[in-house]
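What follows is a single structure, written as structure tokens, with notes after it.
We did not get these values from a lab; they are worked out from the coordinates using the rules stated. The structure displayed is predicted, hence computed values, not measured ones. Virtual Cβ from ideal backbone geometry, glycine too; neighbours counted across all protein chains shown.
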Amino acid sequence: MSDIVQLFVSGISTGAIYALAAMGFTLLWQTTGTINFAQGEFVMLPAFIMLAAMNLLDVGLLSAFVISLVVSMVLLGAAFKRALVDPMAHHGVLPLIIATIALGIFMKEAVKTFYSAEAQPFAAFAPEGAMRIGPVSVSIENIAVLAVAVVAILALQLFLQRTFAGRCMQAVAQNRESARILGVPVERMVLYTFLINAALATLAALLVTPTYLAKFDNGESLGLIAFIAAIVGGFNQMRGALAGGLLIGLIDNFTAVYISTQYRHAIPLILLIVVILFRPQGLFGRAEERRL
Amino acid sequence: MNAQGFKRLALAAILAVAILAPLGLKNYGVYLLSLWALYAIAAQGLNLTLGYAGQISLAQAAFFGIGAYISALATTAGMSFWLALPLAGLACFIIGALIGFPALRVQHHYLAFVTLGFNVLVFLVLRNEEWLTGGTYGVANIPRPALFGLSLGGPLAFYYLCLALLVLMTAMFWHIVRSPWGRAFAALRDNPERAASLGISIVTYTLLAFAIGSAAAGIAGAAFAPLVEYIDPTPFTLSLSLAFLLMVVVGGQGTLTGPFIGAALVTLLPEWLRWTEGYYLMVYALAVMVLMVVCPSGLTGLFDMARRRWERSP
């Protein structure tokens, strides 16, 4: 029983990190039709910016996080949109997919060449150790990760639901043209989604890197998981990405213990294929009308 | 010169260069050229799926791997390469049809998602099922074939085998694209609603294009196994599928010469850019991004643009 609770907590906590990356992924898709194949690298790079800030400027983790947040929002948010997404707005989905694949390779190689090819230790922001709640003990780090992720997700939801800018963003995601006619500053809202994506990725980097260490190719598996989570949950819904992320996190932890470590990474993929076969709009998404 | 004549000239020039190129090269150079020929076959296949049927497949490396393993396991068990080769193509055709069918019930980008998952799954199976694939130890001592008693074991002879396969496959694709089939593929890509109203079954034709494209990767993979003589799961990851996608799009999707150029860029360019040391992949990635921004129809599109400008000037 206590094992199951522990697994559940650690599963939900890794799942919450996946959800952060998946939600950013979904945001970009909804507002600009960008399928960002570099999403994993968008999480990898901020971790290295934090490391660089800590080593070069000799600041603490929190300041490093703030620096990384600003740099990421400029580079992975605004510059990414301006330099890559905007010029390709009318080229269709495929050229942008290719460009983001190339961007991912570029980021990986840049980190490998200019920083290090070796895995770098990364300080956890929460103390190690376990906490006893009644008969079960859970890791403090898991709880802390979960708490931070939940606060971030709630803040994002509140922003989207309750603020004027947030509602404008939703309008843009639902129907760009109508939003424009109604006077929503579409371009600025799109820029916001890119900034939010970069911020979510930086937060995910802070939470996930202590477990996996900082390595230039971390993005490969993370990007794939964010992708799967977004599709399994429902590509056209934010709550889909959230649920998908949590689900994949849980599945990941339980299969590793109860089924097989070898096929640990296969289960989410099988889930992906099954979902596409039987419920292509995702477990929590709404059905899109078919084109034909 | 009209566009048709230009295309023929380009193909003839590529063939002439491909025949003469290995003569002054050392073994490693010949190996790279053989790799180029095989990658070009797989890229041709993906080009049919992507450039003509308008569907993204991210499992080309998986089919390449399945072909390689079928050929490796069959020939090390004593089967003739000349039987293993079509067998690999057939197997990939059937598997492609099986995974393509459900994905294509839903339009849009779902084939991309399913194939992405499939590629990672295939890699895991290749790595984990040791009884069949040798796991991370791989399959060693894959024999190179002989033809009518003539050994194709030497690097140069084997290169000409790869090149012959490439010419055969290109001829087949050329035929497909110009046949009513090919016209149906193009109609589907350009205007599916209208194609459907003219009685073209969208699912059947898209599926067919995808299955044929997958079979091409299987055939290329089947020749890849004896080329390297030892295979393990590492080459057949998602990155290779992404590389195939890059080849087709950078070369120019929907054109016959595009995949040749794309495959050459992916296999040969890194070697030529060796002097840049660790920077070549960065330079390469940057070049791809710039190309996509400037000219999303790829290098052949860029050539066309240049040619038109040249013709217009007196």
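Candidate membrane-span-like segments in chain B, meaning DSSP H helices with Cα atoms spread over at least 18 Å of their own axis and a Kyte-Doolittle mean of -1.0 or above, are B:3-20, B:27-47, B:60-76, B:81-105, B:110-128, B:155-178, B:202-228, B:238-251, B:258-272, B:280-294, B:298-312, with no membrane implied.
A simple spin-label model places pseudo-atoms 7 Å from Cα toward Cβ; at B:Thr136 and A:Val150 they are separated by 3.8 nm. Here the Gaussian network model covers chain B, with springs between Cα atoms less than 10 Å apart; of B:Leu242, B:Leu198, B:Leu126, B:Leu198 fluctuates the most. With both labels modelled 7 Å from their Cα along Cα-to-Cβ, the A:Asp86 to B:Ser151 distance reads 6.3 nm. The Cα-based radius of gyration and maximum Cα-Cα distance (Dmax) for the protein assembly as shown are 24.9, 88 Å. Placing +1 on the Cβ of every Lys and Arg and -1 on the Cβ of every Asp and Glu, with nothing else charged, gives chain B a dipole about its Cα centre of roughly 880 debye. The gain in end-to-end length when the A:Ser221 to A:Ile259 segment is fully stretched comes to 11.7 nm, 0.36 nm per residue minus the alpha carbon separation. For A:Lys108, list the lysines whose Cα falls under 18 Å from its own Cα; do not include residues on the same chain fewer than 8 positions away. Qualifying lysines at Cα under 18 Å: A:Lys215. If R0 is 60 Å, the Cβ-Cβ spacing of B:Tyr230 and A:Ile181 corresponds to a FRET efficiency of close to 0.45.
Annotation for A:Leu62 and B:Arg178: the two label points, set 7 Å from Cα along the Cα-Cβ direction, are 7.2 nm apart. Using the Cβ-Cβ distance between A:Phe8 and A:Ala123 with R0 = 30 Å, the FRET efficiency computed as 1/(1 + (r/R0)^6) comes to roughly 0.70. Restricting the calculation to Cα atoms, the range A:110-211 shows an Rg/Rh of 1.15 when the hydrodynamic-style radius is the Kirkwood one. Please express the Cα-Cα pair-distance distribution P(r) of the range B:1-151 as a list of whole percents, one per 10 Å bin, running from 0 to the bin with the greatest distance. Spelled out bin by bin, the range B:1-151 gives 9, 28, 33, 23, 6, 0 percent. Gain on full extension, evaluated as 0.36 nm per residue between B:Leu15 and B:Val290 minus their Cα-Cα distance, stands at 96.1 nm.
For a footprinting-style exposure proxy, rank A:Lys108, B:Lys26, B:Lys7 by other Cβ within 10 Å, fewest first. Provide the component values of the computation, followed by the final result.
Values: A:Lys108 24, B:Lys26 9, B:Lys7 16.
By the 10 Å Cβ count, ascending, the order reads B:Lys26, B:Lys7, A:Lys108.
For the range B:123-180, the fraction of C-alpha pairs farther apart than 13 angstrom is 73 percent.
Straightening the chain between B:Leu269 and B:Phe6 buys 92.2 nm, computed as 0.36 nm per residue apart minus the Cα-Cα spacing. Compactness of the range A:2-278 is given as radius of gyration and Dmax, 18.6, 59 Å, from Cα positions. In plain terms, the C-alpha convex hull of the range B:142-208 casts an average shadow of 6.7 nm² when viewed from every direction. Rounded, prolate or oblate: which one fits the range A:149-292, using the alpha carbon gyration tensor with axes a ≥ b ≥ c (rounded when a/c is under 1.5, else prolate when a/b beats b/c, else oblate)? Oblate shape, in that a/c is at least 1.5 and b/c is the bigger or equal ratio.
Where the eigenvalues come from the Cα gyration tensor of the range B:3-312, what are the semi-axes √(5λ) of the equivalent ellipsoid, largest first, in whole Å? Let's see the in-between values first.
On the way: eigenvalues 165, 125, 74 Å².
Result for the range B:3-312: semi-axes of 29, 25, 19 Å.
Provide the FRET efficiency to the nearest 0.05 for the A:Val274-A:Val136 pair, computing r from the beta carbons and using R0 = 30 Å. The formula returns an efficiency of 0.40 here.
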